[in-house]
Amino acid sequence: MIYAILAWEFFKIGLFAVGGGLVTVPFLFNLIDAYHWFTAQELTDMIAISQSTPGPVGINMATYAGFKAAGWVGGIVATLSEVLPSMIVVYFLARALNKWHENKYVLQVLTAIRPAVLALILAAGWQIARESITDYKTAGFLAFLVAAQHFYRKSAIVYIVFAAIVGVVLKL
Amino acid sequence: MPVSLWKIYALFFKMGIFTFGGGYAMLPILKSELVEKQRWISEEELLNYYSIGQCTPGIIAVNAASFIGYQKHGLSGLIAATLGVISPSIIIILLVAALLQQYMDNQYLQWAFGGIRVSVIALIINVVWDLWLKGVKTVRDYAVFIIALGLLLWGNVSAVMLVILAALSGFIPSFRRGAE
């Protein structure tokens, strides 16, 4: 029963991959030897496509891997199974947070984490920049966008659509 | 007054479509849609959910969506937000995998993605700048930020370990600047 196996394997990935979508990559590679649903080359292509298609990359990879293993039902089963542990854990954490959010120690910890999370976000931006800012054209467009977003507060979505159009026009 | 489940689903669906890359790419979108446009949560709350979502199992974007959905509408809101944020992925990836894989090499699409990646970096820079103004105030905050960035760029420290270390720093004095 391939759907049950898929559900179990992706539930485990959702439970043990702590730290975001790309952390699931080594777990996906482990599936290759265990089940032969796809080859390492196919998985590498799937990861590349998942990073450039809309949607969080971790979810995209789960849908893609599930589809390769067992068709479109497999894609849906794998994705839902991978997010189920998150939903359960967050449910209990959100309840606890609502109860304890005025607790002195909880506040201290949450405040202390913030600068580290900002560093994490900036480091993620740096990772993308290392691959995408390759010449004067991309560097100039980046400087323009940073200034534009700073002075013209439009929704992030407006800037993403704008950048896609500029990307085609300037051949970025 | 709680918002409708459909509205939660639709809003997260829309944000899912415009997330390119990992959960971090979603933060600027969550901020402009949920903090600035809808005023559902504050910047501090958003950053709290992100911090916690970093060390809870699973995809960060889903963890953040679940948190916000729960705050707006309890368990059913959590489910609506999560289903909303994963629906575009399921639809688009199944279409790509079944029919469109050969079009992913299309030159125009690649140029568009090139532009989108640049805008994601710009959005990240601006969101970090905004949150910096709100959240980084004390000497300890500066120290944690610089050490964290150093460890991430030159060390080999996982994000989870970093968040745990930063949490522990909450118990050392913060040396707040100014008159407070």
>> Which pairs turn up if I take residues in the range B:159-175 that are facing chain A (nearest Cβ under 8 Å) and closer than 23 Å to residue B:24 by Cα and look for partners that are surrounded by 14 or more Cβ atoms within 10 Å (Cβ to Cβ) and at pLDDT below 85 with beta carbon separation below 6 Å, at least 6 apart in sequence or on another chain?
In response: B:159/A:19; B:159/B:54; B:160/A:18; B:160/A:19; B:160/B:55; B:163/B:54; B:163/B:55
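Out of A:160, A:128, A:165, I need the residue that is surrounded by fewer than 20 Cβ atoms within 10 Å (Cβ to Cβ), under 25 Å from the mean Cα position of the chain (by Cα) and β-branched (Val, Ile, Thr). Which one? Before you say what the answer is, go through the steps one by one.
Numbers: A:160 fails: surrounded by fewer than 20 Cβ atoms within 10 Å (Cβ to Cβ); A:128 fails: surrounded by fewer than 20 Cβ atoms within 10 Å (Cβ to Cβ).
After ruling out the rest, the residue left standing is A:165.
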>> Exactly one of these conditions fails for residue A:96: (1) at the interface with chain B (Cβ under 7 Å from one of its Cβ atoms); (2) surrounded by fewer than 21 Cβ atoms within 10 Å (Cβ to Cβ); (3) more than 19 Å from the chain's Cα centre (by Cα). Give me its number.
In response: (1)
> What tally of residues in the range A:83-135 results from selecting those that are in contact (Cβ under 8 Å) with a residue 12 or more places away in the chain and within 29 Å of residue B:123 (Cα to Cα)?
Replying inline: 3
>> Every residue in the range B:1-50 that is under 22 Å from residue A:89 (Cα atoms), surrounded by fewer than 24 Cβ atoms within 10 Å (Cβ to Cβ) and hydroxyl-bearing (Ser, Thr, Tyr), please.
In response: B:9
>> Looking at (1) within 27 Å of residue B:53 (Cβ to Cβ); (2) polar (S, T, N, Q); (3) surrounded by 14 or more Cβ atoms within 10 Å (Cβ to Cβ), which one does residue A:103 not meet, given that it meets all the others?
In response: (3)
> Which one is surrounded by the most Cβ atoms within 10 Å (Cβ to Cβ), of the residues in the range A:131-144 that are within 23 Å of the chain's Cα centre (by Cα) and assigned to a helix (DSSP H, G or I)?
Replying inline: A:142
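Please verify whether residue A:28 is closer than 26 Å to residue A:132 by Cα, at pLDDT 90 or above, among the aliphatic types (A, V, I, L, M) and surrounded by 15 or more Cβ atoms within 10 Å (Cβ to Cβ), treating the condition exactly as stated. Break it down into steps so the answer makes sense when it comes.
Numbers: closer than 26 Å to residue A:132 by Cα: yes; at pLDDT 90 or above: yes; among the aliphatic types (A, V, I, L, M): yes; surrounded by 15 or more Cβ atoms within 10 Å (Cβ to Cβ): yes.
Against the criterion (closer than 26 Å to residue A:132 by Cα, at pLDDT 90 or above, among the aliphatic types (A, V, I, L, M) and surrounded by 15 or more Cβ atoms within 10 Å (Cβ to Cβ)), residue A:28 qualifies.
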>> Restricting to the range B:51-60, and then to whatever is in contact (Cβ under 8 Å) with a residue 24 or more places away in the chain and part of a helix (DSSP H, G or I), can you tell me which residue is surrounded by the fewest Cβ atoms within 10 Å (Cβ to Cβ)?
In response: B:51
>> The conditions are (1) facing chain B (nearest Cβ under 7 Å); (2) in a helix (DSSP H, G or I), and residue A:172 fails exactly one of them. Which is it?
In response: (2)
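Every residue, every condition in (1) touching a Ser or Thr at 6+ places or on another chain (Cβ under 9 Å); (2) of a type in the set (Lys, Arg); (3) more than 7 Å from chain A (Cβ to nearest Cβ); (4) surrounded by fewer than 19 Cβ atoms within 10 Å (Cβ to Cβ), yes or no:
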{"residue": "B:62", "(1), (2), (3), (4)": "yes, no, no, no"}
{"residue": "B:65", "(1), (2), (3), (4)": "yes, no, yes, no"}
{"residue": "B:78", "(1), (2), (3), (4)": "yes, no, no, no"}
{"residue": "B:90", "(1), (2), (3), (4)": "yes, no, no, no"}
{"residue": "B:93", "(1), (2), (3), (4)": "yes, no, no, no"}
{"residue": "B:106", "(1), (2), (3), (4)": "no, no, yes, yes"}
{"residue": "B:121", "(1), (2), (3), (4)": "yes, no, no, no"}
{"residue": "B:132", "(1), (2), (3), (4)": "no, no, no, yes"}
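Condition check ((1) modelled with pLDDT of 95 or more; (2) in contact with a helix residue (DSSP H, G or I) (Cβ under 6 Å, 6 or more places away or on another chain); (3) within 13 Å of residue B:30 (Cα to Cα)) across all residues:
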{"residue": "B:60", "(1), (2), (3)": "no, yes, yes"}
{"residue": "B:80", "(1), (2), (3)": "yes, yes, no"}
{"residue": "B:95", "(1), (2), (3)": "no, no, no"}
{"residue": "B:104", "(1), (2), (3)": "no, yes, no"}
{"residue": "B:110", "(1), (2), (3)": "no, no, no"}
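The values are calculated or read from the model by the stated rules, or taken from the named source; none is laboratory data. Every value quoted in this text rests on a predicted model; they were computed, and no experiment measured them. Positions of Cβ are backbone-derived with ideal geometry, glycine not excepted, and every protein chain shown enters the neighbour counts.
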